[in-house]
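Structure first, then comments.
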Amino acid sequence: MALNFMLSACMNLSGRKIWEEPQNGFCSFNGFMTQVFVIQTDYWVLNIAICTYSILANHKRLYGWLQDHPIVVFLWPWVLSLIWAILGLVLAGYQNIGGFCWFASDRTRLLVNFLPRWTIIFIIIALYLRLTYILLRIQKQLESTEEDTTIILSGHHRTSRNIDLQQKNPQTNSYPHASDSRSVTANAQRSGPTSKLKKVAIRMMMYPILYMLIWTIPTAIRIYQGTSGRSASLSISCVDKACIVVQGLADSIIYGLNERTWNEWMKWIFPRRSRIHS
């Protein structure tokens, strides 16, 4: 997508304006690639959500089918995107919209791009809300198990206290209570999974929320221009196109930035600091 936008920008800067008649072929190609890359991102987000749901919700049959058919999982976003782009080229065509080529009609963009996109967003929200409910239920089970373990260890502590009274250390004048350390260790071991589950639940809900924020402004502009017949101001149009372009950056942050990649980047940027800590 970035190369596609760079091509259209280079064409305009070189004096060969993409809206001029000699560049109709390039504009059609540019709009076709824009449609392919923009809409395939939506399908990939849905693809990741389905795979995540099948794993965390323990749907063994669905997860097994996805594992046995990796080619289908990889190809279906591209196939659907190519079909939509070909239909758009044949039925509507691509024209210059300012900086790059796409559907010139706001109503066409609403029906072809934004309506399916918001449908996908709401499907993802439903899937992740279901997963959040499952993770919170697992968290409650872990917390109840932790309480039961603490009660058992405290009972063991009271039972062993009488024995410990006979094993008093004459130098420290104290009594060793092994059950105390066991209780602390058990609590520490179980507090780790619960905190990780909370982080996973919060991070999952960030995916659809971020996409909603990115596409709210472009959707509102499409509705306004499609219903009123008026064009938005230049500043709002720039924000509109920036939201479309920034989608790739949002994908890289959401799906690429985690603790492992962050640590690797820190090691690469600050090698001396990583050596000191190691």
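Taking the criterion of being under 17 Å from Trp44 (Cβ atoms) and charged (D, E, K, R), the only residue of region 214-262 that qualifies is Asp251.
Table: residues versus (1) of a type in the set (Val, Ile, Thr); (2) at pLDDT 70 or above.
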position: Leu129; (1), (2): no, yes
position: Ile138; (1), (2): yes, yes
position: Gln141; (1), (2): no, yes
position: Ile163; (1), (2): yes, no
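For region 216-231, state whether one or more residues are under 12 Å from Ile121 (Cβ atoms), touching a helix residue (DSSP H, G or I) at 6+ places or on another chain (Cβ under 6 Å) and in contact (Cβ under 8 Å) with a residue 60 or more places away in the chain. Scanning region 216-231 turns up at least one residue that is under 12 Å from Ile121 (Cβ atoms), touching a helix residue (DSSP H, G or I) at 6+ places or on another chain (Cβ under 6 Å) and in contact (Cβ under 8 Å) with a residue 60 or more places away in the chain.
Of the residues Leu91, Leu66, Leu111, only one is under 16 Å from Gln225 (Cβ atoms) and surrounded by fewer than 19 Cβ atoms within 10 Å (Cβ to Cβ); which? The unique qualifying residue is Leu111.
Of all the listed residues (Pro77, Pro70), the sole one being of a type outside the set (A, V, I, L, M, F, W, C), modelled with pLDDT of 90 or more and in contact with a Leu (Cβ under 9 Å, 6 or more places away or on another chain) is Pro77. Quickly run through region 29-58 and pick out the residues that are within 24 Å of Arg203 (Cβ to Cβ), modelled with pLDDT of 85 or more and not β-branched (Val, Ile, Thr). Matches in region 29-58: Gln40, Asp42, Tyr43, Trp44, Leu46, Asn47, Ala49, Cys51, Tyr53, Ser54. Cβ-Cβ under 8 Å, sequence separation 6+ or interchain: first residue in region 55-83 and under 13 Å from Tyr43 (Cα atoms), partner among the polar types (S, T, N, Q) and in a helix (DSSP H, G or I). Which pairs? Qualifying pairs under 8 Å: Val73/Asn47; Trp76/Asn47; Pro77/Gln40; Pro77/Asn47; Trp78/Gln40; Leu80/Gln40; Ser81/Gln35; Ser81/Gln40.
Does Pro193 qualify as being modelled with pLDDT under 80 and not in a loop (DSSP other than H, G, I, E, B)? Judged against the criteria, Pro193 is a match.
Among residues of region 90-105 that are touching a residue at least 12 places away in the same chain (Cβ under 8 Å) and closer than 14 Å to Met33 by Cβ, those with a beta-carbon under 6 Å from a residue that is of a type in the set (Lys, Arg) and crowded, with 17+ Cβ neighbours inside 10 Å at least six positions away or on a different chain give the pairs Phe103/Arg109. Considering each residue of region 15-29 in turn, none proves to be touching a helix residue (DSSP H, G or I) at 6+ places or on another chain (Cβ under 6 Å), surrounded by 19 or more Cβ atoms within 10 Å (Cβ to Cβ) and part of a helix (DSSP H, G or I).
Checked across region 31-38, the condition of being hydroxyl-bearing (Ser, Thr, Tyr), within 23 Å of Pro77 (Cα to Cα) and touching a strand residue (DSSP E or B) at 6+ places or on another chain (Cβ under 6 Å) holds for at least one residue. Taking the listed residues Leu115, Leu111, Leu91, the one that is farther than 30 Å from Ile50 by Cα, modelled with pLDDT of 85 or more and of a type in the set (A, V, I, L, M) is Leu91, with no other qualifying.
The values are calculated or read from the model by the stated rules, or taken from the named source; none is laboratory data. Just so it is clear, the structure is predicted and the values come from calculations on it, not from any experiment. No Cβ is skipped: glycine too gets one built from the backbone with ideal geometry, and neighbour counts run over all protein chains shown.
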